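Contents: one structure, followed by commentary.
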Amino acid sequence: MSISGKNDVTGSGLTGSARDFRVPSGPDLLARGDGFFAWQEGRRQNGYWPFSRSTETRPGTACKARDDRGNPLEGINFSSQDYLSLASHPEIAAVAADAVQRFGVHSAGSAVLVGNTASSVALERKIADFLQMQEVVLYPTGWAAGYGVIRGLVRSADHIVMDALAHTCLQEGANASTQNISLFRHLDLAHCRAKLEAIRARDTQNGIMVITEGLFSMDSDTPDLPAMQALCNEFGATLMVDVAHDLGALGAEGRGHIGIQNMLGKVDLVMGSFSKTFASNGGFVATNRREIKEYLRYYSPSTTFSNALSPVQTAVIGKAFDIVASAEGKALREALMRNIVSLRTQFAEVGLDVYGDPSAIVCAKVGRESIARMVSRRLPSLSLLANLVEYPAVAKGAARFRLQVMAGHSEENIRHAVRSIKLAVDEARIMAAVQESRSQALAMAA
């Protein structure tokens, strides 16, 4: 579809959605991106494409960046994921440099061959102890861990019962493993129970994996984990919880909602990512069974057939866990929560709603994509970097700005973010009202 087609009659970049291009057709696979690119280019040329930006300095509370056309951006940074501000911690930099000297910069192999190092073996033990689990398997990314634990354990005759808002890596792992996928309404235990009852009424021979997240990143809410584990026990199912966004950043000891809900060591499978709080790419799966650890090492394709985490990454992650578990880590979490509460409170004071409960993810509601795109174009001129989120990350018509809070943000940073977004939203709504009035007048004149 061209930008002059039904998806964007003006070519302005304010209408249409990525949903319009999800299922392209035609015999030429290489031509299937043409319609999307034309629509994207319309947005880009009009300043409404805020994705694929690149930083030119470290991703701290303020940074310099460029958009994907090369135009410079600079401002207060609420776009990067560094919840405890560990990416710029001097001890993190020091262990990274030491790891390069000791091990080099590359793992140079799969973890099932010779890709492990002394630091990766130690890291597995450290994470297992932190979660009060028996074993941990490392993965090259959090995405690989989410996809890999499902693909490694679930077979075609098995079943998956999954929260409807589960992360894409979990959805893709499910789709690659079985056609027997049942989605339950977000956080709805009764609906989850109904799905399990229906499956067990017709199949008592095959496995069921129930999938949820410790903290859902777009809505900042969390399930009742004890109730979910009890439900799985009742129906002979296996619970898998993704703790990517809460581990390290929430709870008195940094153990996320599993710790907050007294579920340490009690969840069947725990999967997480290091990229939000632990200053590195990478992911893990924790289990209480050595047999499952060894099985995943050889049957989970995203670890078996991928190079292991580099020695620099494992050293950085290990030091980050040390800091998280220390008095300094506690102080950083307290600073982070103060910033979170302040940001949410100030948004409420200016009449902007946010999603969910207090966490490092503060999403300001906008709704209409056209309004959100106008806001996204305005924010760089107000010296603010904040991520626009629209379909496919959220439902169409539920666009929002996702601010990712850091412990290192100052109160002035927070005030600046609220002022900037409030001003940009007000301006965008006025512009949209004017455009709608003009369109109505033209329609009546015609």
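Sorted on the mean count of surrounding Cβ atoms within 10 Å across their residues, most packed first, peptides 103-109, 411-417 read 411-417, 103-109.
DSSP finds beta bridges in the chain, and of those with both partners inside it, around 60 percent are antiparallel. For the stretch 88-219, the relative contact order works out to 20 percent when only alpha carbon pairs closer than 8 Å and six or more residues apart are counted. Given the choices (i) 37, 28, 22; (ii) 54, 25, 19; (iii) 34, 29, 20, semi-axes √(5λ) of the Cα gyration tensor in Å derived from the coordinates of this structure is entry (i).
Can you give me the C-alpha center-to-center distance between the stretch 129-171 and the stretch 49-78, rounded to a whole angstrom? The distance from the Cα centre of the stretch 129-171 to that of the stretch 49-78 comes to 32 Å. Summed over qualifying helices (DSSP H, 4 residues or more, each -39500 (n - 2.57)) and divided by its residue number, the chain shows a 222 nm mean residue ellipticity of -13500 deg cm²/dmol.
When you count the other C-beta atoms within 10 angstrom of each residue and take the mean per peptide, 386-393, 254-261, 216-223, 145-152 line up highest first as 145-152, 254-261, 216-223, 386-393.
If you take the Cα centroid of the stretch 284-334 and the Cα centroid of the stretch 182-219, the two points sit 27 Å apart. In this structure, Arg200 and Glu74 have a Cβ-Cβ separation that, at R0 = 60 Å, corresponds to a calculated FRET efficiency of about 0.60.
Count Lys and Arg as plus one, Asp and Glu as minus one, and take only other residues whose Cβ is under 11 Å from that of Gly214; the net charge is then -3.
For the modelled label position 7 Å from the Cα of Ser383 along Cα-to-Cβ, which residues of the stretch 70-107 have backbone nitrogen atoms closer than 20 Å? Answer for the stretch 70-107: 71-80.
For the chain, the membrane-span-like helix rule (DSSP H, alpha carbon extent of at least 24 Å along the helix axis, mean Kyte-Doolittle at least -0.5) picks out 327-349, 411-445; this says nothing about an actual membrane.
I need the shape label for the stretch 279-329. Rule: rounded when a/c is under 1.5, else prolate if a/b > b/c, else oblate, with a, b, c from the alpha carbon gyration tensor. Cα axes put the stretch 279-329 in the oblate bin. Computed on the chain, with alpha-carbon pairs under 8 angstrom and 6+ residues apart, the relative contact order is 20 percent.
In this structure the amide hydrogen of Met209, modeled in the peptide plane, comes within under 5 Å of the amide hydrogens of His159, Ile160, Val161, Thr238, none closer than 5 places in sequence on its chain.
Ratio of Rg to Rh for the stretch 355-430: 0.95 [Cα atoms; Kirkwood radius as inverse mean 1/r over pairs]. Among the listed pairs Lys64/Lys396; Lys126/Lys293; Lys330/Lys422; Lys126/Lys276, those whose Cα-Cα separation exceeds 25 Å are Lys64/Lys396; Lys330/Lys422. Using C-alpha pairs below 8 Å separated by at least 6 residues, the relative contact order for the stretch 328-445 is 30 percent. Separation of the stretch 395-417 from the stretch 340-357 is 10 Å, based on Cα centroids. Put in order of Cβ neighbour count within 10 Å, fewest first, the listed residues Thr314, Thr61 become Thr61, Thr314.
Bear in mind that the values in this text are calculations on the coordinates, not laboratory data. Just so it is clear, the model here is predicted, and its values are computed rather than measured. Here Cβ is always computed from backbone atoms with ideal geometry, including for glycine, and neighbour counts include all displayed protein chains.
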